[in-house]
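Worksheet: the structure to be examined is printed underneath.
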Amino acid sequence: MKQFLENIKNEILNRPVYAAIDVVLFAFLLYALFVFLKKNDAVRLFKYLVLFLAVSVVVTSRTVALPLLSRTFSYAFLIVVIGIAALFPQETRRGLWKISSPRDMQQAFTTQYDCSDEELEAAISDIVRASLNMAKKDVGALIVITPEHIPMHIKESGTKLDAVISCGLLESIFNTKAPLHDGAVLVRGNRIMAAGCFLPLTQSLEVDKELGTRHRAAIGVTETNNVLTIIVSEETGVISVAHRGELKRYYDAEMLGDVLREFYGMKAIAEAPAKRGKRARRADR
């Protein structure tokens, strides 16, 4: 151990800049690991992981003549990564999806729908009116808006409709006496693709425990798919929106219309001429 510490001291003295970078990066990795475990209510594992890493550093040093253990512990980082992936599969999948997926709503802005902007605007108005009507009547609803094709296993879990959106149709589907009211409605463009679909529930521990299955399903599907979900609570009548694993509540008609237009890419298109007009007026001055 004395020789091991002496070697570390020599490394620091001979290459202080690299040693400082090494220490900073190692501290950052430990901090990131601590935050991840704390977020997932597993902070008690942190001390065991730190102990495992410390033993790995000692065993793999050139001053310790334990070739078998040294070779095994040299893959300590890989072992830790595999262990975390095995213990937290949902969180790992969610993190990888967020890294690999398009940021914000860029994909929605470039999506081509089989309908005109006027038809999209009419669909948005019908979705907003239906959501408000159901909220007033305390009728629960779950609407999934997707700019791309939803995974087949989710689509096939419900009943295929392929019908043009209307306020009356949405309210009929979510009528408590209707056979499809328990599931989610899948919407692309101005058409309802399917109804009565089952969605994956979120496993996040940060979700309010007061929220029911409908809200957990709405969050869960946005964690692994580029979709926007609208939830109407049957208990409180509150309208909520989930996107990229985050839930925002208490939407009114204007807020809901704005977020739908932004997700469809219509808000960006509408703002562009306005900005050009402002530039033109400045130029005239």
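The values are calculated or read from the model by the stated rules, or taken from the named source; none is laboratory data. Since we're looking at a predicted model, the values are computed, not measured. Don't worry about glycine lacking a Cβ; one is built from the backbone with ideal geometry, like all the others, and counts go over all protein chains shown.
Here are the numbers for the structure shown:
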item: Among the residues listed as THR229, THR224, the single one being hydroxyl-bearing (Ser, Thr, Tyr), out of contact with any Phe, Trp or Tyr (no Cβ under 8 Å at 6 or more places or on another chain) and touching a residue at least 12 places away in the same chain (Cβ under 8 Å); result: THR229
item: Hits in the stretch 214-264 - residues which are assigned to a helix (DSSP H, G or I), charged (D, E, K, R) and under 24 Å from ALA122 (Cβ atoms); result: GLU254, ASP258, ARG261, GLU262
item: Some residue of the stretch 90-100 being at pLDDT below 75, of a type in the set (Phe, Trp, Tyr) and surrounded by fewer than 16 Cβ atoms within 10 Å (Cβ to Cβ); result: yes
item: Which listed residue, of LEU180, LEU205, LEU199, LEU211, is surrounded by fewer than 17 Cβ atoms within 10 Å (Cβ to Cβ) and assigned to a loop (DSSP other than H, G, I, E, B); result: LEU205
item: Test: residue in the stretch 223-233 that is surrounded by fewer than 18 Cβ atoms within 10 Å (Cβ to Cβ) and modelled with pLDDT of 90 or more; result: no
